[in-house]
Amino acid sequence: MKNGGTVVVATKNAGKVREFALAFGKLGMNVVSMFDYPELPDVVEDGATFAENARKKAKTVAEALKLPVLADDSGLAVAKLNGEPGIYSARYSGAGANDASNNAKLLAELAKLAGFESGKQEPLPDGSKLLSDARFVCALALYDPQTESFIESEGYVAGQIIDRTRGVNGFGYDPLFWLPAFGRTMAELTPEEKHAISHRGQALEALLQQLT
Ligand SMILES: O=c1nc[nH]c2c1ncn2[C@H]1C[C@H](O)[C@@H](COP(=O)(O)OP(=O)(O)OP(=O)(O)O)O1
Ligand SMILES: [Mg+2]
């Protein structure tokens, strides 16, 4: 990955592509994704951890293209759901899952627990309530088929799950991910603000450190 070069990211997630394009653009690099290689088959994400899935996506695509490839496996871990949906975040609401159905499923699962609680927590000024601690996790893997070696990193960001969606930026669970330090959800941050604090931004920073 060098200035003026192209980074291949093994993802079919348009939100991730936008975030990597912003970050690598600042370094003078261009991003291509699996949208640019529609002939490549989907990689089955059958690892037991985010890191295993990231390594598998990177290595499978790198060997097919004979180029170094970066992959991201990420998700949301919710404390009151014992860390779910975790590595299953993308398919949380079952077959045909999308961001909206996954967000609805998350609120439904947390609503099931609400009956057991005292309800002592004060609502926010708009009447919304915070339902659980949570964190986003991002594992990155860069595989070089020439040297047959990986560079890897992880990043995290802590927040809370709010009881209704707020904001339209970002993707995935961002509209339900409340950041107390900002008084906003992740979907109410600008792309630059999100990148500066996000699990993906942290992981990318750690990966780039290892390259220099
Ligand atoms: O910054 C984020 N903001 C909100 N939600 C996020 C974020 N980062 C990951 N997520 C959620 C989206 C998806 O439900 C799952 C990722 O699943 P994950 O398999 O890594 O990605 P994906 O299947 O969408 O695309 P791909 O595997 O082709 O990279 O976690
Ligand atoms: Mg995936």
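Where the alpha-carbon atoms of region 65-191 are placed on the principal axes, they occupy 57, 31, 23 Å, in descending order.
Between Ser132 and Glu193, the modelled labels are 2.6 nm apart [label points 7 Å from Cα along Cα→Cβ]. Taking the C-alpha atoms only, the angle from helix 199-211 to the longest principal axis of the chain is near 30 degrees.
Kindly provide the Kirkwood hydrodynamic radius of the chain in Å, to one decimal, from all pairs of distinct alpha carbon atoms. Could you put the intermediate results ahead of the total?
Details: mean 1/r = 0.0559 Å⁻¹.
Evaluated over the chain, this radius sits at 17.9 Å.
If you restrict to DSSP beta bridges whose two residues both lie in region 6-211, what percentage is antiparallel, to the nearest 5? Intermediate values should be presented prior to the final figure.
Working: 29 of 34 bridges.
Percentage antiparallel, nearest 5: 85.
Phi-derived couplings, Karplus 6.51 cos²θ - 1.76 cosθ + 1.60 at θ = phi - 60°, listed residue by residue for region 99-105: 4, 5, 5, 5, 5, 5, 5 Hz, with x used for Gly and Pro. Hydrodynamic estimate: the Kirkwood radius of region 1-85 over Cα pairs, inserted into Stokes-Einstein at 10 °C and 1.306 mPa s, corresponds to D of 115 µm²/s.
Each of Thr185, Leu81, Asn98 was scored by the projection of its Cα onto the charge dipole of the chain, and the greatest displacement toward the positive side belongs to Thr185; charges sit on the C-beta of Lys, Arg, Asp and Glu. When shorter helices are ignored and each DSSP H run of at least 4 residues is given -39500 (n - 2.57), the per-residue value for the chain at 222 nm works out to -9500 deg cm²/dmol.
Averaging the inverse of every distinct alpha carbon separation and then flipping it gives the Kirkwood radius. What is it for region 30-127, in angstrom units? Spell out each step's value before the answer.
Values: mean 1/r = 0.0616 Å⁻¹.
That comes to 16.2 Å for region 30-127.
Here, each number is a calculation from the coordinates, and none is a lab measurement. These numbers come from a predicted model, not from an experiment. Backbone-built Cβ (ideal geometry, glycine too); neighbour counts: all protein chains shown.
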